[in-house]
Every structure is written in structure tokens, then in C-alpha cells.
Amino acid sequence: MARVRSVLLVDFDNIFGATGDEVVSALDNWLLWLEDGALSLGNKRRTFLHKRVYWNLQFDKYRSDFERAGFDAFNCRALAKRKISAGKSSADIVITMDAIELALQTKNLDELIVLTTDSDFVPVVNRVQHPGLRVVTAGKETDPTYELYSQHADAVIHIAAMKEAFSYTRAPRKWYQLRSPPPVIAPLTLQRERQSPLMGRVRAALTTGEAAGSTLAPELLRAADMIKALGERMPDQLLSKSKIVRTLTAIPEFTPAYQNGIRPWLGHKNFAAMMRRLSVIHPEIEVKTLGQGRVEVLYREPGAAPRPARAVPAEAAPDSVNHDEDLTIVRSGLSSPA
């Protein structure tokens, strides 16, 4: 089985803060975990064409450990005096430049792993991602970064799985197997809690407005009115995601990506969840699930009979402003992109 040709870039200051010093002492374990195919496409094993780690000056004491494991280590000390005194580094910009350069110049590259939970790298993920290059990041279950990167990256290494990988050892191969089994990924605990029956009832109550004393946020009402107005101009036409996003940018509380403390999609998990909430406010906004997190949206004039959804070639779908159209795509029925 062919291996995945991958590049690994480690934002050490960030990962060290999220996992502790075991990220150094267990370096061989979690690196083998990735090489054996953890969260790779088809559980294929990886061949790392480049392994790079970026840190501030105080972590340069770990250089020999990482160089022994085949990493190139970069000391990214800040240059401005005030940033130096605050313990800041220039790692983010160095990683960004390297990610773009390696994505463009590395021949036959299948995958880029940016091992960080820093949400500042979302634009980097969007910039380098394309159908031939898979991008993997990391995310914390205890803050919005896991859900955020789940909307943009092709795979997300949650911190609990990373910590479990500190004790990883390759399972023995059975006589009838060509290779040992792929690594087991530790479960996402908080995801199981969100899927519990209790949380399901809470979400249903919030969606239907039946929660005691519940009121809809003004920005949700405004968003629903704006999409209704957009649909009234082109009834029974599929509304593209990019057109909807451009329309909603007039709302100060709206953002398609987590930034400045504002949750994306008006506080919803993703584009599809937001549109389902808006369709509750205005039932004329019709949201159809296509599977695998994809939806299509159209405005149905009151009293109009539903019509079967048309199959539209993938190439007719407009590019999303966030480049994550493969996760939640709204197919355009127009002859040209919106």
C-alpha cells in the first residue's frame, strides 16, 4: 500500500502549552503514531518528506531531541523589544511562510500537517488547501478551536488523542495481515456528551423556541429577514453559500470564522446548523440535507409546492469564501457562480 507523502510543521510553543513536557519525552511515540496512519486518509502510513519544529528561545534546549528524530528546528525569537520582554515569538509568520512554500514547491505532496491549536492559522489552511492536498491541524475540545478547525481542515487531531499517543506502541501484525492495525484514535469525550439524549432534548427545545423564557437574538431575526429578502428576489432558485455569506456580512455579529471572541455562524456549529435555525424563523427558507454535512438552500414562496432537488455538477458549485465548500456546500442553480 502506497504511503501518504506528508509534511509536518509543529508550533511547539502552542502544543507544549496544550499537552505539557511529555510532547518531548514521548516524541518517538506520537511521531510513530502519525507515521502509522493516525487520522490519515484511508489509514495509510505516512512518509514525512519534511519535519520542522518552531519555538521560542527558551525551548531551544530540546533541539537535540527533535533533531535526533529527524526534525529541522527553528528558533523564532521575536525581534521587537516589547515582544521579547513578553516572551512572544515570530513562529506564526515563519510557519505560515513555510506552509505556503512547501505546499507550492513540494512535488507529489499529499498532505500538510500544521500541528497547532492556534486559530490564527485558519487562513493558512484555507490558502494552501486544494483537492490534491489534504490539510490536518489540531484542536482543543475545551474551547472553540476543535469545532472551528473541523469546519476548515480535512482532519483535526484533538488534544485528548494527542495525549493518548504519548504512550503509543505499534500493535503486532497478525500472520494473515500485510501490516499491523492502524492506530486507534482516542474518543472525543465532549462530542459524546453533546450527542447525549439530554443534550438532544435541549437542542430541540432551543431550535423550536420551546425552552422556558427563550428569546431569539436580534441578529438571528435580522439574518432570517435578510435571507428571506434575498430569496424573494429569486424564488425557487437554489441560493449559493457564497451569496448567503456575502449577504450576512452586513450583520456585525456575523463571521464565518472564529475571530475576536465572536463565534462563527451566529453561534452555531457550522453553516448548515445556522441555516436550519433561520428556516425555523422563516419556514419559507427551505434547507435540504444532502448528506455528509452538505445542504442546499432555496426560498419557497408561501403556498408553493415543493419540487425535487436538481442534480448539479460539482463544477457548477461556486467557491466558498472559506474554501470549505466540501464540508457544507450549497449548490447554485444559476448558470454562473454567484
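Can you tell me which residues in segment 17-37 are at pLDDT 95 or above and either under 15 Å from Ala73 (Cα atoms) or of a type in the set (Val, Ile, Thr) (or both)? The answer is Val23, Val24, Leu27.
Within segment 61-91, the set of residues being modelled with pLDDT under 95, surrounded by fewer than 15 Cβ atoms within 10 Å (Cβ to Cβ) and not basic (Lys, Arg) comprises Leu79, Ala80, Ile84, Ser85, Ala86, Gly87. Which residue out of Arg179, Arg170 is assigned by TED's automatic domain parsing to the domain that holds Ala138 and modelled with pLDDT under 80? Matching residue, one of Arg179, Arg170: Arg179.
Residues that are in contact with a strand residue (DSSP E or B) (Cβ under 7 Å, 6 or more places away or on another chain) and among the β-branched types (Val, Ile, Thr) were ranked within segment 132-156; the one that is surrounded by the most Cβ atoms within 10 Å (Cβ to Cβ) is Thr137. Just so you know, in segment 270-288 the residues that are of a type outside the set (Asp, Glu), touching a Gly at 6+ places or on another chain (Cβ under 9 Å) and farther than 25 Å from Glu147 by Cα include one that is surrounded by the fewest Cβ atoms within 10 Å (Cβ to Cβ), and it is His282. Taken over segment 264-301, the criterion of being touching a helix residue (DSSP H, G or I) at 6+ places or on another chain (Cβ under 9 Å) and assigned to a loop (DSSP other than H, G, I, E, B) is satisfied by Pro264, His268, Lys269, Asn270, His282, Glu284, Gly293, Arg300, Glu301.
Yes or no, residue by residue, for (1) surrounded by fewer than 22 Cβ atoms within 10 Å (Cβ to Cβ); (2) hydrophobic (A, V, I, L, M, F, W, C); (3) in the same structural domain as Arg52 (by TED's automatic domain parsing):
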{"residue": "Leu102", "(1), (2), (3)": "yes, yes, yes"}
{"residue": "Thr116", "(1), (2), (3)": "no, no, yes"}
{"residue": "Ser119", "(1), (2), (3)": "yes, no, yes"}
{"residue": "Arg127", "(1), (2), (3)": "yes, no, yes"}
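Going through Ala211, Ala205, Ala160, Ala165 one at a time, which residue ends up being more than 20 Å from the chain's Cα centre (by Cα) and modelled with pLDDT of 85 or more? Step through it out loud before you land on a result.
Values: Ala211 fails: modelled with pLDDT of 85 or more; Ala205 fails: modelled with pLDDT of 85 or more; Ala160 fails: more than 20 Å from the chain's Cα centre (by Cα).
Testing whether each residue is more than 20 Å from the chain's Cα centre (by Cα) and modelled with pLDDT of 85 or more leaves just Ala165.
Scanning segment 42-52 turns up no residue that is small (Gly, Ala, Ser), surrounded by 19 or more Cβ atoms within 10 Å (Cβ to Cβ) and under 16 Å from Pro183 (Cβ atoms).
The values are calculated or read from the model by the stated rules, or taken from the named source; none is laboratory data. As the structure is a computational prediction, the values presented were derived from the model and not from experiment. Neighbour counts run over all protein chains shown; Cβ positions are idealised from the backbone, glycine included.
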